[in-house]
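**Q** A single structure is presented below for examination.
The values are calculated or read from the model by the stated rules, or taken from the named source; none is laboratory data. Remember, predicted model here, so these are calculated numbers, not experimental data. All Cβ positions, glycine included, derive from the backbone under ideal geometry; neighbour counts span all protein chains shown. Remember, those area values only see protein heavy atoms, side chains included, never the ligands or the DNA or RNA. Shrake-Rupley method; radii C 1.70, N 1.55, O 1.52, S 1.80 Å.
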There are 2 protein chains.
Amino acid sequence: MAVSLKDIARRAGVSQATVSNVVNGYRPVGEATRARVQQAIDELGYTPNLSARHLRRGRTGIIALAIPELNNPYFAELADAAIRAATKRGYTLLLDYTDGDRDKELLVADGFRAQIIDGLILSAVHLNRDDIASRTSETPMVLVGEAIYHAPYDHVVIDNLAASREAMRHLIALGRRRIAFIGAHIEANRAPSLLRLRGYTEALAAAGLPFDPDLTVTTSGFGRGDGAAGMRALLTLAQPPDAVFAFNDLIALGAIRALHDHGLRVPDDVSVIGIDDVEEGRFSIPTLTTISPDKEMIGRLAVEKLLDRIEGRPAGPPAEFQPPFRLVVRESAPAA
Amino acid sequence: MAVSLKDIARRAGVSQATVSNVVNGYRPVGEATRARVQQAIDELGYTPNLSARHLRRGRTGIIALAIPELNNPYFAELADAAIRAATKRGYTLLLDYTDGDRDKELLVADGFRAQIIDGLILSAVHLNRDDIASRTSETPMVLVGEAIYHAPYDHVVIDNLAASREAMRHLIALGRRRIAFIGAHIEANRAPSLLRLRGYTEALAAAGLPFDPDLTVTTSGFGRGDGAAGMRALLTLAQPPDAVFAFNDLIALGAIRALHDHGLRVPDDVSVIGIDDVEEGRFSIPTLTTISPDKEMIGRLAVEKLLDRIEGRPAGPPAEFQPPFRLVVRESAPAA
DNA sequence: CTCGGTCTGTATAACGTTATAGAGCGAAGG
DNA sequence: CCTTCGCTCTATAACGTTATACAGACCGAG
């Protein structure tokens, strides 16, 4: 650990600058000296001190991915993809939580840890366009997910409107007519689920089905417990739903559990569909029909776009990138 | 971002050293100058450059937690606890994956990223005591989990023998007599599940039940798919089991799914118990009886012990720390 | 008073790297 | 034969901290 550039320089009988050039290939070095330096490096087992390099270069080689929580397997799988992509490009990815807390999201976006990171991939829940617009930090940023649209940053997100419509079309094709939506979040300046909700209402309209406000349930979070609570609320209705379109898989799984507790069977009595395609839904009872976004591509794209900005590659104006998704039909809403 | 110590010093009309002392409190500073410096800091919005600080101090303030995979919610929850503990103590926690790959585990233990981290918390699957003993890296390390015992490092792990015995006692008290174990890993120099397996056999013996080798199933991984495959294998036996003790919750959940596919009911036909208490098991159908280790404490303790070593606090010889666990009885193996 | 000792503060040398300016030195061009 | 390159390489100044050595001022003790 204690072996530095200076040691190599002395050993090989050259200047520190030359060693640096051998290591970084920034300027050409003669064949003979290069070999001598390389040999010294191998013999002494030299690795560059990153703190020093970064102090000098102004970059750290670390990028951050800020997600609401790790306990949601969707984010765990997304983080997985992003970490792999970053590692492949020689960067280290740091995971940050926001706990779905607005203040923490603001803090992260505004340069918390800016000293340590070269760039940020932000998956926000609460922030809106204005929050993002008033950001002061210079750190490059890429947005991921549904919360913020049309901000002056690259944005990676699936076509939520199309995804929701497809999920709804599937339920409607099954002959369902009272379809509930669990997971709406209608608050001032906050629109994480607006597109999915719009896909829901538009699909109803397209099928000539009435929109019943009672069938749209807001939740405070995005977990199994929220889904279960939402479902319980729906079951108190005079006319309970015959299908559920959930904002995500965890909510769907919670809803299934609540239905089970209520003595109702899925899919016989109620069909359920989610979004995310987390692994859990491939083993749950029943298995979960869902919209499967290409998580690997989301993570990879977010990292690539961010590195383009960091490394100053010509990237053009901020754009929105839409990875593909597909409907995965399983037991909770089987083919008609 | 460009505001440095020097700027503050100039603004406050003092030396850089004094500013440093105000920031770090390393040496006393007079009340009047302290106030003046603090005001300059607030006005200019100064934050220390971490690369420079770490170059000088020789530490980075980053510790790593190396886990097999993030997709296993147990590790996600553990990581969560560790990150919170590290943040609280002023450190940043970096997550590293080993993919359950032996070479990657060796790489991580042997100082991959040693330049960037002050210490390492390693949750290994494949490494054994000899691997760890031949480690060359000087970076402080703390071990977490079942793989390695009696290595010269602090080790945080629940009492797996006691935990397994308690799980088994519960199944036996239910009247089960053919209890299977899914998730054994019997390989040369590799003993992740040895203690849990021993708890299984000892509990059988203590209850006067015969040990049937056919009822011990090895798996290649620790996921839902492995559990399902293991269960399917057990169901081909002439005398299938009437209960399953799974190495962890994911395996248990996979086993439940396989039982369901086979037309068997849990817990009526077969009781199932796991270890980990992941959130999923509180909503699955049926909900999962499990051994719940204190994950928050595991994460916190691992971080604290590591920081003790890093910061040179007197910590004594390497020791083993055993956070508590408790049996959580749910539907898959309800109270008798 | 003088001498040691505490208190505050300053000046400056590291930490290990990279970027910049320039030095030597043959070869090519006039 | 003297320039003027082009090619390697060197010397050295940063980057922003913190640690060390030291300098005054003040105070109580002798």
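**Q** What's the number of the only condition in (1) more than 9 Å from chain B (Cβ to nearest Cβ); (2) more than 23 Å from residue B:98 (Cβ to Cβ); (3) surrounded by fewer than 19 Cβ atoms within 10 Å (Cβ to Cβ) that residue A:52 fails to meet?
**A** All conditions pass for residue A:52, except number (1).
**Q** Working only within the stretch B:100-117, note down all residues that are in contact with a Pro (Cβ under 8 Å, 6 or more places away or on another chain) and within 11 Å of chain A (Cβ to nearest Cβ).
**A** Across the stretch B:100-117, the qualifying residue is only B:115.
**Q** Across the stretch A:3-34, what is the number of residues that are of a type in the set (A, V, I, L, M) and near DNA strand C (Cβ under 6 Å from one of its atoms)?
**A** Number of matching residues: 3.
**Q** If we scan the stretch B:253-276, do we find a residue that is more than 14 Å from chain A (Cβ to nearest Cβ), in contact with a helix residue (DSSP H, G or I) (Cβ under 6 Å, 6 or more places away or on another chain) and under 19 Å from residue B:68 (Cα atoms)?
**A** Scanning the stretch B:253-276 turns up no residue that is more than 14 Å from chain A (Cβ to nearest Cβ), in contact with a helix residue (DSSP H, G or I) (Cβ under 6 Å, 6 or more places away or on another chain) and under 19 Å from residue B:68 (Cα atoms).
**Q** Among the residues of the stretch B:1-30, which ones are modelled with pLDDT under 85, more than 8 Å from DNA strand D (Cβ to nearest atom) and either basic (Lys, Arg) or open to solvent by 60 Å² or more (accessible area, probe 1.4 Å) (or both)?
**A** Answer for the stretch B:1-30, where residues must be modelled with pLDDT under 85, more than 8 Å from DNA strand D (Cβ to nearest atom) and either basic (Lys, Arg) or open to solvent by 60 Å² or more (accessible area, probe 1.4 Å) (or both): B:1, B:28.
**Q** Filter the stretch B:229-247 down to residues that are crowded, with 24+ Cβ neighbours inside 10 Å and within 14 Å of chain A (Cβ to nearest Cβ) and give me whichever is nearest to residue B:209 (Cα to Cα).
**A** The qualifying residue nearest to residue B:209 (Cα to Cα) is B:246.
**Q** Right, here's the next one. Among the residues of the stretch A:118-144, which ones are acidic (Asp, Glu), free of Cβ contacts under 8 Å to residues at least 60 places away in the same chain and either within 14 Å of chain B (Cβ to nearest Cβ) or open to solvent by less than 20 Å² (accessible area, probe 1.4 Å) (or both)?
**A** A:138
**Q** Another one. Have a look at A:301, A:307 and point out the one that is crowded, with 19+ Cβ neighbours inside 10 Å, away from every other protein chain (no Cβ under 14 Å) and either at pLDDT below 95 or on the phi > 0 side of the Ramachandran plot (or both).
**A** Every option except A:307 fails the conditions.
**Q** Looking at the structure I just gave you, is residue B:86 closer than 27 Å to residue A:137 by Cβ, more than 16 Å from DNA strand C (Cβ to nearest atom) and either surrounded by fewer than 18 Cβ atoms within 10 Å (Cβ to Cβ) or at pLDDT 85 or above (or both)?
**A** Yes, satisfied.
**Q** Let me ask something additional. Given the structure, is residue B:110 at positive phi, surrounded by fewer than 19 Cβ atoms within 10 Å (Cβ to Cβ) and modelled with pLDDT under 85?
**A** When the stated conditions are applied, residue B:110 does not pass them.
**Q** Something else now. Can you tell me which condition residue B:64 does not meet? The list is (1) within 15 Å of residue B:124 (Cα to Cα); (2) within 11 Å of DNA strand D (Cβ to nearest atom), and all the others hold.
**A** Only one criterion is unmet by residue B:64, namely (2).
**Q** Say we look at the stretch B:177-198 and pick out the residues that are surrounded by 23 or more Cβ atoms within 10 Å (Cβ to Cβ) and at pLDDT 95 or above; which of these is nearest to residue B:139 (Cα to Cα)?
**A** Step by step, filter the stretch B:177-198, then rank; the result is B:182.
**Q** Looking only at the stretch B:63-76, count every residue that is buried (at least 21 other Cβ atoms within 10 Å of the Cβ), at the interface with chain A (Cβ under 8 Å from one of its Cβ atoms) and touching a residue at least 12 places away in the same chain (Cβ under 8 Å) and tell me the total.
**A** 2
**Q** Can you tell me which residue in the stretch A:67-94 is farthest from residue A:114 (Cα to Cα), limited to those that are part of a helix (DSSP H, G or I) and of a type in the set (D, E, K, R)?
**A** Here the answer is A:77.
**Q** Moving on. Would you mind stating whether residue B:45 is open to solvent by 30 Å² or more (accessible area, probe 1.4 Å), within 25 Å of residue B:19 (Cβ to Cβ) and facing chain A (nearest Cβ under 9 Å)?
**A** Against the criterion (open to solvent by 30 Å² or more (accessible area, probe 1.4 Å), within 25 Å of residue B:19 (Cβ to Cβ) and facing chain A (nearest Cβ under 9 Å)), residue B:45 does not qualify.
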